[in-house]
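Some notes on the structure that comes next.
The values are calculated or read from the model by the stated rules, or taken from the named source; none is laboratory data. What you see is a predicted model; the values in this text were computed from it and never measured. All Cβ positions, even for glycine, are placed from backbone atoms using ideal geometry, and neighbour counts span all protein chains on display. These area figures cover heavy atoms from the full protein model, side chains too; ligands, DNA and RNA do not enter into them. Shrake-Rupley method; radii C 1.70, N 1.55, O 1.52, S 1.80 Å.
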Amino acid sequence: MQRALGLAAQAAEAGEVPVGAVVVQGGEVIGEGFNQPISASDPSAHAEVMAMRAAARQQQNYRLPGATLYVTIEPCTMCFGTLIHARIGRVVYGATEPRAGVITSQLQLPEQNFFNHKVQVEGGVLAEEAGALLKDFFRKRR
Ligand SMILES: [Zn+2]
């Protein structure tokens, strides 16, 4: 998660909302990314998606069974959908995202039965640091 926070800081430096993500498998980082939809002109370039794309390329596999996705902020609908498609085993996030987060804040997607894959979830890891990055970023923009 420390590494994901470092990536989030990189996003902030690039003028993007600071979110960072890392995919770990067997104790090894296999992919990482930060939020960059503006600079990439890509609405799907969220940190989680960037990290999963990198991990899938590295593994030469569109599925990442048994991998853990660390992300600094609670994932949105798109990123949750992507991690289900990728068969991520576990997602660990930092701060909750009360408006658009879909783990506990809205929809509670991990508890829904219509997905053909179950993901383990853990939240609140280094939540203060992750939340502070976001708050700083939006304060400076105002
Ligand atoms: Zn997202």
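Quick notes on this one:
- In the chain, the inverse of the mean reciprocal separation of distinct Cα atoms equals 14.7 Å; this is its Kirkwood hydrodynamic radius.
- Proximity of backbone amide H atoms, modeled 1.01 Å from N, is registered between G124 and Y93, G94 at under 5 Å, excluding neighbours fewer than 5 places apart on the same chain.
- Degrees separating the helix 47-59 axis from the principal Cα axis of the chain, which is the longest one: 40
- Charge tally in the Cβ shell below 13 Å around Q10, where Lys, Arg are +1 and Asp, Glu are -1, Q10 excluded: -2
- Percent antiparallel among DSSP beta bridges (both partners in the stretch 1-139, rounded to 5): 55
- In the chain, the DSSP-assigned H stretches of four residues or longer account for a calculated mean residue ellipticity at 222 nm of -11000 deg cm²/dmol, using -39500 (n - 2.57) per stretch and the full residue count as denominator.
- The mean sequence distance of close C-alpha pairs (under 8 Å, at least 6 residues apart), as a share of the length of the chain, puts its relative contact order at 21 percent.
- Taking 0.36 nm per residue of separation and subtracting the current Cα-Cα distance, fully stretching the chain between R57 and A40 would add 4.3 nm.
- Most to least packed among 39-47, 62-70 [average Cβ atoms within 10 Å]: 62-70, 39-47
- Net charge of the neighbourhood of I38, taken over other residues with C-beta under 14 Å away and scored Lys/Arg +1, Asp/Glu -1, is -2.
- Fully extended contour minus Cα-Cα distance, from S105 to A132, at 0.36 nm per residue: 7.9 nm
- When K140, K118 are compared by accessible area at a 1.4 angstrom probe, the order from most to least is K140, K118.
- Listed residues L107, L133, G89: farthest to the positive end of the dipole of the stretch 56-134 (Cβ charges): G89
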